[in-house]
Structures are given as C-alpha cells and as structure tokens.
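Asker: Submitted below is the structure of interest, expressed as structure tokens.
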Amino acid sequence: MQICRSTQDMRDWRKDAGRVALVPTMGALHEGHLSLVAHARDWLDDHGGGRVVTSIFVNPTQFGPTEDLAKYPRDEDGDIALLRRAGCDAVFLPQVADIYRPGAQTHVEVAQLGGMLMGQLRPGHFRGVATVVTKLFNIVQPQAAAFGEKDYQQLTLIRQMVADLDIPVQILPVPTMREADGLAMSSRNRRLTPQDRAAASVLARGLDGAQAQIAAGDELTSVQDALRAMLASEPRADIQSIDIRDAADLSPVTAITRPVVILLAVRFGDVLLIDQRVAHP
C-alpha cells in the first residue's frame with residue numbers, strides 16, 4: 001500500500017494508477033469505514049478493475065469554535081494497519097497546511113442543503129465538508145467515491161454538489177454499519193463513557209420504532225411524538241434535533257406519502273451522535 005503524505009505525493013502516484021475509487025475519512029477507522037473500502041473495491045471490480053485510495057484528514061474547517069477538533073480521535077498507525085488488511089491500494093495523509101495554503105480565499109458552499117438541519121446546529125460545518133471534498137476530488141481525481149448513509153445530509157449534499165458543479169465522480173452510498181445493540185458505528189463512539197455508550201443504544205430503538213410506525217401508516221405527528229418520547233425516556237440523552245424529511249432532497253414533509261428519512265442528533269455527555277433511517281410508508 002502506497003502512503004502519500006503530500007498533495008504532490010498523491011499526484012505522482014495518481015499518474016499511473018488508472019481507474020480510482022476514493023474513500024474520504026477523518027481516520028480513527030472502524031468496520032464501517034472498511035465497508036466503504038469494500039464497496040469501492042466492488043464498484044471497481046464491476047467497472048474493469050482499478051485502485052482504492054483512502055484519505056485520512058481531520059478537517060479543521062468543519063469544526064466550530066466550541067467543537068471537539070482537539071478531542072477527535074486519531075490513530076494513524078492503527079488506521080494504516082487496518083487499510084493494509086482491507087487491501088487498500090493507497091492512503092492519502094495530507095497535513096492541514098497542504099490542504100489549506102496561506103492566503104486561500106475560495107470556499108465551496110451548497111447553500112440550501114448546507115444551511116438546514118445539522119447546518120443550523122453546526123453553522124459552517126457543511127461549507128467545510130464541501131470545500132475539502134472538492135479539494136480531495138481535484139487532487140485524487142477519482143472516478144467514484146464512497147460515502148456512508150449514516151451522515152445522510154452529508155451524502156445528499158455531496159450528491160447535489162457533484163451534480164451542480166459537473167464533477168465527474170460517481171457517488172457510492174454505503175449502508176450504515178451497526179454494533180450488536182444497533183448503535184451506528186462512529187469514530188466518536190470511542191469517546192463515550194461506558195454509561196453513555198450503553199445509553200446510546202436508545203437511538204437505534206427509537207429509529208426501529210419510528211420505521212415500524214411509518215410502515216404501518218401512522219401519521220407524521222404520531223411518529224414524531226413517539227420517537228421524542230422514546231429518546232426522552234433515556235435520561236443521559238440530550239436531544240438536539242429530531243427531523244423527518246423527504247428522503248430524496250431533505251425537503252420538509254407534512255404527511256408521509258413517499259420515502260422519508262428520519263434524522264437524529266443527540267448528545268451524550270460532550271459527544272454529539274447522529275443517526276438516520278430511511279422509511280417507506
């Protein structure tokens with residue numbers, strides 16, 4: 001596996017790499033990330049072969065001034081070992097100064113999708129996401145890129161950005177990987193106390209219940225009320241937002257007549273967890 005620690009290293013490797021699928025990450029890798037690598041490999045196999053590149057970059061521009069950039073887990077040696085075992089072909093490990101050069105004035109912003117939901121809870125977050133993903137696409141020049149469905153708003157935003165800017169990258173959505181109790185795999189889970197980790201399983205139970213209600217034809221307000229009550233029953237859960245939106249474009253819905261996505265943001269201690277579930281009436 002090739003290790004590229006600068007933009008120039010990555011560009012030099014890319015010259016002879018052929019078809020490439022990219023897996024953008026912020027490191028602290030787990031089985032959910034490895035499923036992204038596997039999906040990228042499957043896509044390449046279906047398109048005549050190629051190489052998988054995983055980027056590891058804790059992007060400072062998607063963290064707010066009061067958020068947990070310094071606390072975000074980092075484990076470069078462990079990440080590299082996991083990627084070797086997963087059969088990744090190259091890993092891109094740039095420094096902040098390599099991605100954000102002094103004097104840079106350009107940002108990428110997906111106005112409507114970036115300003116709603118988590119964009120309201122974390123102002124500027126999605127501008128940071130859109131900017132760094134655009135830069136990664138320009139540096140690595142992949143034909144495809146894999147993103148997890150757990151960050152559903154991010155996935156929707158990247159799809160919109162690629163379409164709006166005519167970026168020739170196919171976006172590969174990958175289902176959320178979960179622990180045995182249903183908690184979505186996340187690098188942030190490492191920071192949960194044992195008590196908060198046990199409490200966080202309420203997210204999956206709430207989503208399961210809401211999904212069942214929607215499948216049974218319950219009304220929107222009934223689903224929302226039951227979901228909020230379920231989450232509120234866990235005293236360690238600090239509910240930040242509960243939203244049910246159109247699954248295609250995250251627009252508001254007043255009745256559930258087509259597929260919707262249930263979006264949760266809940267804080268346990270000082271750790272903000274997000275989760276989602278697409279549900280069909």
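Coordinate-derived values only; no laboratory data. Keep in mind the model is a prediction, meaning the values are calculated, not measured. Every residue, glycine as well, gets a Cβ built from its backbone with ideal geometry; the counts of neighbours run over all protein chains shown.
Asker: What residues from segment 205-239 fall in the zone where the backbone N is under 11 Å from a label point 7 Å along the Cα-to-C-beta line of Ala198?
Answerer: Within reach of a label on Ala198: no residues.
Asker: Could you pull the Cα extents of segment 1-149 along its three principal axes, largest to smallest, in whole Å?
Answerer: 41, 32, 29
Asker: For Leu165 and Ile3, what is the calculated FRET efficiency with R₀ set at 25 Å and r taken between the beta-carbons, to the nearest 0.05?
Answerer: Numbers: r = 30 Å, r/R0 = 1.18.
So, using R0 = 25 Å, E works out to roughly 0.25.
Asker: Find the percent of Cα-Cα distances in segment 187-279 that exceed 24 Å, and round it to a whole number. Don't jump to the answer; show the numbers that get you there.
Answerer: Working: 870 of 4278 pairs.
Cα-Cα pairs of segment 187-279 separated by over 24 Å account for 20 percent.
Asker: What whole number of Å gives the distance from the Cα centroid of segment 245-279 to the Cα centroid of segment 176-207?
Answerer: The distance from the Cα centre of segment 176-207 to that of segment 245-279 comes to 17 Å.
Asker: Okay, moving on. If packing is taken as the average number of other Cβ atoms within 10 Å across a peptide's residues, how do 29-38, 119-128, 231-240 rank, most packed first? The partial results should precede the final answer.
Answerer: Working: 29-38: 20.4, 119-128: 17.7, 231-240: 15.1.
Output ranking for 29-38, 119-128, 231-240: 29-38, 119-128, 231-240.
Asker: Mind checking the angle between helix 31-46 and the chain's longest principal axis? C-alpha axes, 0 to 90 degrees, to the nearest 10.
Answerer: Approximately 60 degrees, to the nearest ten.
Asker: Quick check: residue separation of Arg84 and Ile239 times 0.36 nm, minus the Cα distance between them. What number comes out in nm? If you can, show how the numbers build up before the last one.
Answerer: On the way: separation 155, 0.36 × 155 = 55.80 nm, distance 3.82 nm.
Taking Arg84 through Ile239 to full extension adds about 52.0 nm, to one decimal.
Asker: So which residue, out of Pro259, Pro173, Pro102, gets the largest mean-square fluctuation from a GNM of the chain using Cα contacts under 10 Å as springs?
Answerer: Result: Pro102 has the largest fluctuation of those listed.
Asker: Taking Cα atoms, how many degrees apart are the long axis of helix 220-232 and the longest axis of the chain, rounded to 10 and kept between 0 and 90?
Answerer: 80 degrees
Asker: Run through the DSSP bridge list for the chain and note the antiparallel percent, rounded to the nearest 5. Write down the numbers at each step before the final one.
Answerer: Details: 20 of 39 bridges.
Around 50 percent antiparallel, to the nearest 5.
Asker: In nm, what is the difference between 0.36 nm times the number of residues separating Ala212 and His280 and their Cα-Cα distance?
Answerer: Numbers: separation 68, 0.36 × 68 = 24.48 nm, distance 0.93 nm.
Here the segment from Ala212 to His280 would lengthen by 23.6 nm.
Asker: Oh, and also: What angle do you read, to the nearest 10 degrees and between 0 and 90, between the alpha-carbon axis of helix 152-164 and the longest principal axis of the chain?
Answerer: Taking Cα atoms only, the helix is inclined about 50 degrees.
Asker: How much mean residue ellipticity at 222 nm does the chain get from its helices, if each DSSP H run of length 4 or more adds -39500 (n - 2.57) and you divide by all residues, to the nearest 500 deg cm²/dmol?
Answerer: Mean residue ellipticity, 222 nm, calculated: -11500 deg cm²/dmol.
Asker: Which shape class applies to segment 168-236: rounded if a/c is under 1.5, otherwise prolate when a/b exceeds b/c and oblate if not, where a ≥ b ≥ c are the square roots of the Cα gyration tensor eigenvalues? Let's see the in-between values first.
Answerer: Numbers: a/c = 2.50, a/b = 1.08, b/c = 2.32.
Oblate.
Asker: Given the Cα-Cα distance of Asp16 and Glu67 and 0.36 nm per residue of separation, how much length would full extension add, in nm?
Answerer: Separation in residues times 0.36 nm, less the Cα-Cα distance, equals 14.4 nm.
Asker: What nm value, rounded to one decimal, do you get for the distance between Ala229 and His30 when each label is placed 7 Å out toward the C-beta?
Answerer: 3.0 nm
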